[in-house]
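Report on the structure given below.
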Amino acid sequence: MDAGRRLLTLREGSIIVVTVIALIYFGTSTSAFFHGDSLKSLLPYFAPYAILAAGEVFVMINGEIDLSIGATWLFTPFVFFKFTDLGLPLVPALILALVVATAIGLINGFFVAYIGLASFVATLGMLFVLDGLSLIISHATQVSPFPGTSVTGSTGTFASVFGGGTYSELFWALGIVLVLQIALSFSRWGLYTIAVGGNRHGASEAGINVKWNLIRNFAVCALLAGFAGILEAVRAKTATPDPGASNDFLLLSIAAAVAGGTLLQGGAGTVVGALIGAVFLGILQEGLNLKGVSANYRDLYLGLALLIAMTANTFIGRVRLGSGHG
């Protein structure tokens, strides 16, 4: 009983409970759920959401939101492919593409911190800008990650590390989540992020550079979104300029962060919770696919499941507060 109560006092407690319930349900009702092929298809589904949500957590703890992460996820692979078209080696092209993604975050942060725009407005504008640029750069057609080359030799090694390997996206997601959770819990960066989200004026009075903290977190968020986009494009061996798909990534990544225990009003959050939220979304997606649920009903069931998860999050949050764990 005490162990169960301690679980509920964790910020990740609600999503852990809901994820375990979903896992048991699909595991017992669908014999193929724990099959190796099923698990392999699950991994590339939730890993990109975990990476996107991990960056979004830092922005949301600040009391802000980045609506452009899906568009950054869409846009960055095309920048990477353009650099490779110019003859740059793969690793330098990757680094430059990530620099571009980081610059997008710096621009978002500048508009929020210095111009004073609401993050909803600034990043919504950036979303449309990047969606448009993706269509222009790609000429609204699919692009191959390694045009004119076969995926062998050094190219094959690059692909296996950066998204093409069966577990490469999973390893990247786990590594990123681990580093960011440690930073959030134990570093001055994390302490300042929580302070800025909890009381921006008080944080400024305490000597924290609020503007720099905001800009840095937007930059990290965009960097991770761009990296996740490149991983996905390399895995799929193609990039498609589909703003609809990028918006799905945006909304589900935010859902993973919120379901994992990050407050929309800022001041508290957990990167590990966002990872578990992404796993929950992956279990739902794979479970519904294996059960043969029609695509017409999939979004309905997904929405209902998220509402249940968030309702559980609210009630368990009250238990946490009642136990003295803020």
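The values are calculated or read from the model by the stated rules, or taken from the named source; none is laboratory data. Note that the structure is predicted; figures quoted are calculated from it, not measured. FYI the Cβ positions are ideal-geometry reconstructions off the backbone, even for glycines, and counts take in every protein chain you see. Accessible surface areas use protein heavy atoms only, side chains included; no ligands, DNA or RNA. Shrake-Rupley method; radii C 1.70, N 1.55, O 1.52, S 1.80 Å.
Return the residue satisfying two criteria in turn: it lies in region 183-210 and is aliphatic (A, V, I, L, M) and in a helix (DSSP H, G or I), and of such residues it is most open to solvent (accessible area, probe 1.4 Å).
So the residue we want is Leu191.
Could you check region 296-311 and list, in sequence order, the residues that are within 14 Å of Ala256 (Cα to Cα) and either surrounded by 13 or more Cβ atoms within 10 Å (Cβ to Cβ) or in contact with a Phe, Trp or Tyr (Cβ under 7 Å, 6 or more places away or on another chain) (or both)?
Leu302, Ala305, Leu306, Ile308, Ala309, Met310
Exactly one of these conditions fails for Asp248: (1) closer than 22 Å to Val59 by Cα; (2) of a type in the set (Asp, Glu); (3) in contact with a Phe, Trp or Tyr (Cβ under 9 Å, 6 or more places away or on another chain). Give me its number.
If we test Asp248 against (1) closer than 22 Å to Val59 by Cα; (2) of a type in the set (Asp, Glu); (3) in contact with a Phe, Trp or Tyr (Cβ under 9 Å, 6 or more places away or on another chain), just (3) comes out false.
Before we move on, is Leu180 under 19 Å from the mean Cα position of the chain (by Cα), assigned to a helix (DSSP H, G or I) and at pLDDT 95 or above? Talk me through it step by step, then tell me what you get.
Details: under 19 Å from the mean Cα position of the chain (by Cα): yes; assigned to a helix (DSSP H, G or I): yes; at pLDDT 95 or above: yes.
Considered against the rule, which asks whether it is under 19 Å from the mean Cα position of the chain (by Cα), assigned to a helix (DSSP H, G or I) and at pLDDT 95 or above, Leu180 comes out as yes.
Tell me, please, whether a residue that is out of contact with any helix residue (DSSP H, G or I) (no Cβ under 6 Å at 6 or more places or on another chain) and not hydrophobic (A, V, I, L, M, F, W, C) can be found in region 220-234.
No, region 220-234 contains no residue that is out of contact with any helix residue (DSSP H, G or I) (no Cβ under 6 Å at 6 or more places or on another chain) and not hydrophobic (A, V, I, L, M, F, W, C).
Here are the criteria: (1) in a helix (DSSP H, G or I); (2) modelled with pLDDT of 85 or more; (3) open to solvent by 50 Å² or more (accessible area, probe 1.4 Å). Tell me which single one Thr28 does not satisfy.
Against the list (1) in a helix (DSSP H, G or I); (2) modelled with pLDDT of 85 or more; (3) open to solvent by 50 Å² or more (accessible area, probe 1.4 Å), Thr28 comes up short only on (2).
If Val210 satisfies every condition in (1) β-branched (Val, Ile, Thr); (2) touching a helix residue (DSSP H, G or I) at 6+ places or on another chain (Cβ under 8 Å); (3) without any contact (Cβ under 8 Å) to a residue 60 or more places away in the chain but one, which is the exception?
(3)
Looking at region 39-50, can you tell me whether even one residue there is open to solvent by less than 10 Å² (accessible area, probe 1.4 Å), at pLDDT below 95 and under 20 Å from Phe158 (Cβ atoms)?
Yes - at least one qualifying residue is present in region 39-50.
Does region 165-182 hold any residues that are surrounded by fewer than 20 Cβ atoms within 10 Å (Cβ to Cβ) and not β-branched (Val, Ile, Thr), and which are they?
Scanning region 165-182 gives Gly165, Tyr167, Leu170, Phe171, Leu174, Gly175, Leu178, Gln181.
Among the residues of region 275-292, how many are over 21 Å from Gly261 (Cα atoms) and open to solvent by 30 Å² or more (accessible area, probe 1.4 Å)?
The total comes to 4.
Given the residues Ala3, Ala93, which is the only one that is open to solvent by less than 40 Å² (accessible area, probe 1.4 Å) and either at pLDDT below 85 or of a type in the set (A, V, I, L, M, F, W, C) (or both)? Even if it seems obvious, please write down each step before you answer.
On the way: Ala3 fails: open to solvent by less than 40 Å² (accessible area, probe 1.4 Å).
Matching residue, one of Ala3, Ala93: Ala93.
So the check is Cβ under 7 Å with 6+ separation or different chains; which pairs have a first residue in region 276-290 that's polar (S, T, N, Q) and outside any helix (DSSP H, G or I) and a second one that's crowded, with 24+ Cβ neighbours inside 10 Å and modelled with pLDDT of 85 or more?
So the pair list comes out empty.
Restricting to region 56-86, give me the number of residues that are crowded, with 24+ Cβ neighbours inside 10 Å and not in a helix (DSSP H, G or I).
4
Could you check, for region 244-251, whether at least one of its residues is open to solvent by less than 20 Å² (accessible area, probe 1.4 Å) and in contact (Cβ under 8 Å) with a residue 12 or more places away in the chain?
Yes: region 244-251 contains one or more residues that are open to solvent by less than 20 Å² (accessible area, probe 1.4 Å) and in contact (Cβ under 8 Å) with a residue 12 or more places away in the chain.
Applying the selection to region 211-239, what residues are open to solvent by less than 20 Å² (accessible area, probe 1.4 Å), part of a helix (DSSP H, G or I) and over 20 Å from Ala54 (Cα atoms)?
Val234
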